[in-house]
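Since the structure comes first, as structure tokens, the remarks are kept for the end.
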Amino acid sequence: MSDEVRHVLLLSGGKDSTSLALYMRDKCADIDFEYLFCDTHKELPETYEYLARIEAYLGKPVTRLASRGDERGFDHHLKIYGGYLPSPQMRWCTRQLKIEPFEKHVGDDPVRLYVGIRADERRSGYISTKENITPVFPFKEDGLGKADILRILEESGVGLPKYYEWRSRSGCYFCFFQQRAEWVRLRERHPDLFEKAKAYEKEEAGYTWSQGESLSELEQPDRMREILRKDEQRKARSQKRRKATNLSQAFGFSELEDDESDACLICHL
Ligand code: SF4
């Protein structure tokens, strides 16, 4: 255990934590930040590409933390949980694959953990129960909202991760927080990953990623058409409600939606 405070920034591969890393690097040039990424080995290829880009812009490596290696990652824990897939009610994946590797990595050292929750969000984010980990919320403290985050990413040249073209969050390719339309788009963009996600389901035991519908049912052509049609209607309604900011329009991000209301607190920052 060291007495020196470690300044840690957990990257999720999403826009907010990335923007925070860039913001803090410029704001506190004298601080030696540690950049961490909890790798479930089940992330999207776009996330791994984005991490490589972030490293290049930060000029520092991002340490990948894993749940004691590939062989003890998601599949290992799934066996322990008797094949019971994680869900919003039973988020064992977050604890086993994200929180524990992170808390183990920092040990008992005093840590300031920089969290990318924005001033325009109501979420409180991941709060560790360990006393040595003190969360800090620079975006909240400095009053920075979504438009500011997008500006930081644009001006730095890092931009957005490519998965935002079809999905609203970072995280595992099979994340149960994704919307049904995102499952359809996963099938279009990464058919191999869709098949892998499907292979985890045990329909007879009721173990499916989406409640009440298996991926085999979801991928029926009529069902996919219906899901996409409803998604278009939902988007049109929300666009009417939302006044797109000039900034997001200027950057071509007017379609970028946040869907973080019930998102995993550590996976999707
Ligand atoms: S991204 Fe989703 S599936 Fe992956 S660890 Fe987080 S909550 Fe679980």
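The Rg/Rh ratio for the stretch 132-175, using Cα coordinates for both the radius of gyration and the Kirkwood hydrodynamic radius, is 1.07. Selection among Q179, Q233, V106 by position relative to the dipole of the chain gives Q233 as farthest towards the positive end (Cβ unit charges, Cα centre). Most simply put, the chain has about 15% antiparallel DSSP beta bridges, counting only bridges with both residues inside it. Under a 5 Å amide H cut-off, with hydrogens placed 1.01 Å from N, R6 pairs with V111, R112 among residues at least 5 apart or on other chains. Normalised by the number of residues in the stretch 125-253, the average gap of Cα pairs under 8 Å and 6 or more apart makes the relative contact order 20 percent.
Placing a label point 7 Å from the Cα of E49 along the Cα-to-Cβ direction, the residues of the stretch 166-186 whose backbone N falls under 16 Å from that point are 166-171, 173, 186.
Among M90, M224, M24, the largest mean-square fluctuation in a Gaussian network model of the chain, built with springs joining Cα atoms closer than 10 Å, belongs to M90. Checking the cross-link pairs K60/K140; K196/K240; K162/K235 against a 29 Å limit on the alpha carbon distance flags K196/K240 as lying beyond it. In straight-distance terms, cross-link reach from K198 covers every one of the lysines whose alpha-carbon lies under 22 Å from its own, apart from those fewer than eight places away in the same chain; here that gives K42, K79.
Note the direction-averaged projected area, equal to a quarter of the hull surface, for the Cα convex hull of the chain, in nm². List each step's numbers first, then the result.
Working: hull surface 59.6 nm².
That works out to 14.9 nm², a quarter of the Cα hull's surface.
Connecting C-alpha atoms closer than 10 Å in a GNM of the chain, tell me which of K15, K130, K162 has the biggest fluctuation. In the Gaussian network model the winner is K130.
Applying 1/(1 + (r/R0)^6) with R0 = 41 Å to the Cβ-Cβ distance of D3 and Y207, what FRET efficiency is obtained, to the nearest 0.05? Could you put the intermediate results ahead of the total?
Numbers: r = 47 Å, r/R0 = 1.14.
Working from the Cβ atoms, E equals 0.30.
Peptides 204-216, 229-241 ranked from most to least packed give 204-216, 229-241, packing being the mean of other C-beta atoms within 10 angstrom over each peptide's residues. With the simple spin-label model, which puts each label point 7 Å out from Cα in the Cβ direction, the E100 to K60 separation comes to 2.8 nm.
On a straight-distance basis, which aspartates and glutamates could pair with K130 in a cross-link, Cα separation under 12 angstrom, same-chain partners fewer than 8 positions away excluded? Correct list for K130: E100, E103, D108, D109. Modelled spin labels at K130 and K235, positioned 7 Å past Cα toward Cβ, are 4.1 nm from each other. Across C93, C172, C28, mean-square fluctuation computed from a Gaussian network of the chain (C-alpha pairs under 10 Å connected) peaks at C28.
We did not get these values from a lab; they are worked out from the coordinates using the rules stated. Because the structure is predicted, anything quoted here is derived from the model rather than measured. Every residue, glycine as well, gets a Cβ built from its backbone with ideal geometry; the counts of neighbours run over all protein chains shown.
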